[in-house]
Amino acid sequence: MNETALRALLTALAASLFTRGFSVGSAGNISARLPDGYLMTPTNSCLGRLDPERISKLDPDFRHIGGDAPSKEVFMHRAFYLARPDAGAVVHLHSTMATAVACLPDVWAENPIPPLTPYFVMRVGRKMPIVPYYRPGDPAMEPAIAASAQDARAVLLANHGPVVSGKTLTDAVHAAEELEEAAKLYLLLRGAAPRLLTPSQVDDLLTTFG
Ligand SMILES: [Zn+2]
C-alpha cells in the first residue's frame with residue numbers, strides 16, 4: 001500500500017473507532033510503518049476528524065519530517081516497532097473496558113484477560129502483560145513497554161489503556177477492537193468462574209492462526 005492510500009485508510013479507521021466510542025476527545029493515537037519511516041496521528045488531534053494530508057510523517061529514526069507535530073505518546077509506538085520487527089502498525093486507545101481492567105489491582109500481570117474466546121487469542125495472542133503505571137510522558141515508560149513487547153503483540157498500561165500492534169494497520173485496529181470486547185466479556189464474567197479455553201486449545205489456535 002502506498003503512502004497516500006495508507007493515509008486515507010488510517011483516517012477512515014480512526015474515524016470508525018471514534019464514531020463507535022473507542023476513543024473520545026483527543027484520546028488515542030495510531031501509527032503505521034512505511035518503507036521510508038512512519039505515519040503518526042498528530043498531537044491533540046481527534047481520531048474522528050483527521051486530515052490525511054496533515055498526519056505526521058516521521059523518518060526511520062522517528063524524527064518529525066512532515067505534517068503536523070506527532071502525538072506526545074509517539075515513544076510508545078517506537079517501543080513496539082523497535083521490539084517487534086513484525087509490527088506494521090500500532091494503536092493506542094483509552095477505550096473504556098480495557099482501561100477498566102487496567103485499573104484492577106487483582107488481575108494476573110502477565111495476562112490480565114484470560115482466554116475466554118478464540119477471537120481474542122487469534123488477534124491478541126497468548127498474553128498481554130500489564131506495564132506498571134507511569135505518568136503520561138515519563139520517558140521511563142518506553143523501556144518498560146519495549147521489554148514487555150518482546151514477546152507480546154499488545155500490552156495494557158496500568159490505569160491508562162492498551163497499546164496494540166499488528167502486521168498491518170487493519171490487523172492492529174481489529175486487534176484493539178477484539179481486545180476491548182474481550183475486556184467487556186471479562187468484566188461481565190468476573191466472579192462467575194467462566195469456562196476458559198484450555199492451554200491445548202490456545203496452542204491449537206496459535207498454531208493454526210498465529
Ligand atoms: Zn494514552
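The values are calculated or read from the model by the stated rules, or taken from the named source; none is laboratory data. Please read all numbers here as calculations on a predicted model, not as lab measurements. When we count neighbours, we look across all protein chains shown, and the Cβ atoms used for this are built from the backbone with ideal geometry, even at glycine. Heads up: the accessible areas ignore ligands, DNA and RNA and are worked out on the full protein's heavy atoms, side chains in. Shrake-Rupley method; radii C 1.70, N 1.55, O 1.52, S 1.80 Å.
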Hey, P136 in a loop (DSSP other than H, G, I, E, B), surrounded by 15 or more Cβ atoms within 10 Å (Cβ to Cβ) and modelled with pLDDT under 95 or not:
no
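Which is assigned to a loop (DSSP other than H, G, I, E, B) and within 28 Å of G37 (Cα to Cα), of P112, P143, P162, P60? Lay out the reasoning, then the answer.
Values: P112 fails: within 28 Å of G37 (Cα to Cα); P143 fails: assigned to a loop (DSSP other than H, G, I, E, B); P162 fails: assigned to a loop (DSSP other than H, G, I, E, B).
Matching residue, one of P112, P143, P162, P60: P60.
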Could you please find all residues in the stretch 115-152 being basic (K, R) and without any contact (Cβ under 8 Å) to a residue 60 or more places away in the chain?
R123, K127, R135
Close pairs (8 angstrom Cβ cut-off, 6 or more residues apart or separate chains): without any contact (Cβ under 8 Å) to a residue 12 or more places away in the chain in the stretch 38-66, open to solvent by 20 Å² or more (accessible area, probe 1.4 Å) and part of a strand (DSSP E or B) anywhere
H64/K57; H64/P70; G66/K57
Within the stretch 18-32, take every residue that is crowded, with 22+ Cβ neighbours inside 10 Å and not in a loop (DSSP other than H, G, I, E, B) and give me the one that is farthest from the chain's Cα centre (by Cα).
A32
Of all residues in the stretch 33-46, which are open to solvent by 30 Å² or more (accessible area, probe 1.4 Å) and in contact with a strand residue (DSSP E or B) (Cβ under 8 Å, 6 or more places away or on another chain)?
R33, T43
Lone unmet requirement of (1) in a helix (DSSP H, G or I); (2) farther than 19 Å from R84 by Cα; (3) open to solvent by less than 10 Å² (accessible area, probe 1.4 Å) for E181
(3)
Take A152 and tell me if it is assigned to a loop (DSSP other than H, G, I, E, B) and either more than 22 Å from L17 (Cα to Cα) or more than 14 Å from the ligand (Cβ to nearest atom) (or both).
yes
Among the numbered criteria (1) over 21 Å from L93 (Cα atoms); (2) polar (S, T, N, Q); (3) surrounded by 19 or more Cβ atoms within 10 Å (Cβ to Cβ), which single criterion is violated by Q201?
(3)
Can you pull out every residue in the stretch 82-105 that is open to solvent by less than 10 Å² (accessible area, probe 1.4 Å), more than 12 Å from the ligand (Cβ to nearest atom) and part of a loop (DSSP other than H, G, I, E, B)?
A87
Taking the stated definitions as given, is R49 surrounded by fewer than 22 Cβ atoms within 10 Å (Cβ to Cβ), basic (K, R) and either on the phi > 0 side of the Ramachandran plot or more than 16 Å from the ligand (Cβ to nearest atom) (or both)?
yes
Across the stretch 115-131, what is the number of residues that are assigned to a loop (DSSP other than H, G, I, E, B) and surrounded by fewer than 23 Cβ atoms within 10 Å (Cβ to Cβ)?
7
